[in-house]
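Colleague: Would you mind keeping the following structure in view while I ask a few things?
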Amino acid sequence: MNTKFLRAFLNAPFIAGVAILVVGTGPLVLFGILQTFGFFPGNNGLGLGLLFFFTIWPALAFLVGGIAVGIRRVDGPADKHGAWGGRGRGAA
């Protein structure tokens, strides 16, 4: 595997997104798994569901931002002279 490619995607927003995702969804997933095996009979995971709901959106935003930064690092800037080639907007 190309380490340059991997390092480009292991940036701060992506790592923060993964951390928020694990902290926000981990308790609800663990609760669901334990409840299927008979632990916590009759309890509901309302608080854990709210934790999931309020942490999934920032986690997804950070993940998308981290992926965008990684793509930008791998591909590099689209044009070194700017969008208009450094000649100005009206120049031909």
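Colleague: I'm trying to understand the selection: among the residues of segment 27-55, which are surrounded by 15 or more Cβ atoms within 10 Å (Cβ to Cβ), aliphatic (A, V, I, L, M) and under 21 Å from Ile15 (Cβ atoms)? Talk me through it step by step, then tell me what you get.
Modeller: Of segment 27-55, the ones surrounded by 15 or more Cβ atoms within 10 Å (Cβ to Cβ) are 27-28, 31, 35, 45, 48, 51-52, 55.
Subsequent filtering for residues that are aliphatic (A, V, I, L, M) retains 28, 48, 51.
Leu51 - this is the single residue of segment 27-55 that is surrounded by 15 or more Cβ atoms within 10 Å (Cβ to Cβ), aliphatic (A, V, I, L, M) and under 21 Å from Ile15 (Cβ atoms).
Colleague: If you don't mind, another one. Tally the residues that are farther than 29 Å from Val69 by Cα and either touching a residue at least 60 places away in the same chain (Cβ under 8 Å) or among the aromatic types (Phe, Trp, Tyr) (or both), restricting the search to segment 1-36.
Modeller: Adding up the residues that qualify gives 1.
Colleague: Out of Ala68, Ala8, Ala16, report the one residue that is surrounded by 14 or more Cβ atoms within 10 Å (Cβ to Cβ), modelled with pLDDT under 90 and part of a helix (DSSP H, G or I).
Modeller: Working: Ala68 fails: surrounded by 14 or more Cβ atoms within 10 Å (Cβ to Cβ); Ala16 fails: modelled with pLDDT under 90.
Exactly one of Ala68, Ala8, Ala16 is surrounded by 14 or more Cβ atoms within 10 Å (Cβ to Cβ), modelled with pLDDT under 90 and part of a helix (DSSP H, G or I), namely Ala8.
The values are calculated or read from the model by the stated rules, or taken from the named source; none is laboratory data. No experiment lies behind these values; they were computed from the predicted model shown. Note that each Cβ is placed from the backbone with ideal geometry, even for glycine, and that neighbours are counted across all protein chains shown.
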